[in-house]
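> Please find one structure pasted underneath; my questions will follow.
No value in this document is a laboratory result; all are computed from the given coordinates. Note that the structure is a prediction, hence the values are computed from the model and not measured. We place every Cβ from the backbone using ideal geometry, glycine too, and count neighbours over all the protein chains shown.
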């Protein structure tokens, strides 16, 4: 079984399965067109007998295999098993099929659809798709109608008006085209437009097109021609009647003349007394006849005279009639004459009217041909001065000439642009080839360089592996190992003795620990940790609570900013101490001195240290910055190596390398200026915050290489 292609229109799909034999068995012709409105659709006609029923392609019922109930399936082309039908019969049937009746409700739907074009025209995204869709809908609505028709023309002219707002560059040209085409299409265009663009509904309802007037005039011309033919036929019939009446009148004249002659002869014979037997017998015989025979005899005598009868004889005969008969005869003759005159006058009027309309039609045709010749001459480039154009059409021709000139200039410009684009494409292709060739050469050079670098890298890796192997062997010979450095608070005074210089023990000093008892760093009384200071102050629990109650607890962000400021102050003090050849102070002692100077009393400074120690204990488990600060100031794990001078100096040295502080002694001013930006560089210390500071991996690796490249810190 064949199926209809999916890309066909609804009319083509229905036409594909149409049965040609329906024209031979169906009495009324139904259209197979489909329309977007429900009111315009035709229900399929129910046929009886062996006639196949038209089914929709989408709803083909399954066959049940029962004799006469077998459904007709659509084939690729129309086929009739009943009788052979010629293709010409099918074409004639399709050409003569009637358009479905249009109801008033359908016209209302069409007008509503035309009104919707105004809102749709304000929201479409593609002018081409908008026009294509409207043309397809219009072709369906106007299917079976004459071309051109009012609906198609209204939609096409409306779409042309929309082009002037889409192509703003050619708006004036398109407006001129719309104005002149509207005047050429609609006879009432000036009254409809009133300076504003026309809507599709106005064009459809109020627009009176010239082709409709032409169709009306042609229909009137056909009616006049038919009337003329009828008048000619009637004129011929009237002429025949006139000929018959003339023949009848001639017969009456002949009979009247014979009767008058007979009467005159009788009188003449009676007067002169010259009667003979023949006339006497004739008169006697005539007198003996009855009235019907007498009338027949007189009629025969008049007919026998023919054209020899004279009007005097008829007048004599009429004079001898009775008064009422004479009056009746005169009335009949007058009515006959009046009817004949009216027919002749009416025929002359019809002939004159037909001649006048023929002349007007011929004049209109000549004017239309002349107007078309003017348009062709203007389109071919003929100057308006060389044409004999009437004043009424001169303005339109001038506008058309301007449009043609604008289009010709635009065509020349397009040709120049195409030539320029062609040249640019050629230059671009040439430049592209040159760039590709140079890029290929450069790529080859880079590949060679990369290959050389890879070989050098491999050689360096081999050398590095060899060096690492040598270091491993050397470490095995030296027998190095790490020893824990954390000590108990009670052993601080025992292990750390004053009077010794701060010094990091070297790796080649034997198997001693990092903090040898004999070479311990110099420790003064100012160097105890924060926890030790608070313990030595010997505050009671009530005093501590009173101190904490007077101050607002620090938040984590405030604590991080405070720590960054303390690091900045410590590095500034270290720079000054190094350049003035003084010993560096501990971080906890610096805090005590700074708060004492700030508050003026040692008790107030100690209260601030208690407040700071409480914040460290609170946030140490949540922030690595606070935890490291607590270790270095001795608030957490007091007495550990983290609170020693070596650890503090190493930490600040790492900070200086990360943020490029510089050498304290060689570039004192630069280092001091960089240190003053340290609080800003540290950030807020909150993970995921936009104000936090992130260190790149490359910088971290570089920092590790730098800080572990030295054997001591001075």
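> Of all the Cα-Cα pairs you can form in the stretch 619-687, what percent are over 13 Å apart?
In whole percent, the long-distance tail amounts to 70.
> Oh, and also: As a footprinting exposure proxy, order 214, 350 by other Cβ within 10 Å, with the fewest listed first.
Listing 214, 350 from fewest to most nearby Cβ atoms yields 214, 350.
> Could I ask something else about it? Tell me the Rg and the Dmax, in Å, that the Cα atoms of the stretch 526-707 produce.
Considering the stretch 526-707 through its Cα atoms, Rg and Dmax are 16.8, 52 Å.
> Moving to a separate point now. Please state the relative contact order of the stretch 526-707 as a whole percent: Cα pairs under 8 Å, 6+ residues apart?
Reported as a whole number, the value is 28 percent.
> Can you sort 212, 348 by how many other beta carbons sit within 10 Å, fewest first?
Ordered from fewest to most neighbouring Cβ atoms within 10 Å, 212, 348 come out as 348, 212.
> Beta carbons within 10 angstrom, averaged per residue: use that to sort the peptides 653-664, 236-247, highest first.
The packing order, highest mean first, is 653-664, 236-247.
> Sorting check: for 427-433, 585-591, which peptide has the highest mean count of neighbouring beta carbons within 10 Å, and how do the rest follow?
585-591, 427-433
> I need the Kirkwood Rh of the stretch 574-622: take the reciprocal of the average 1/r across all distinct C-alpha pairs and report it in angstrom.
12.3 Å
> Let me ask something else. Compute the distance in nm between two label points, each set 7 Å from the Cα along the Cα-to-Cβ direction, one at residue 477 and one at residue 617.
5.4 nm
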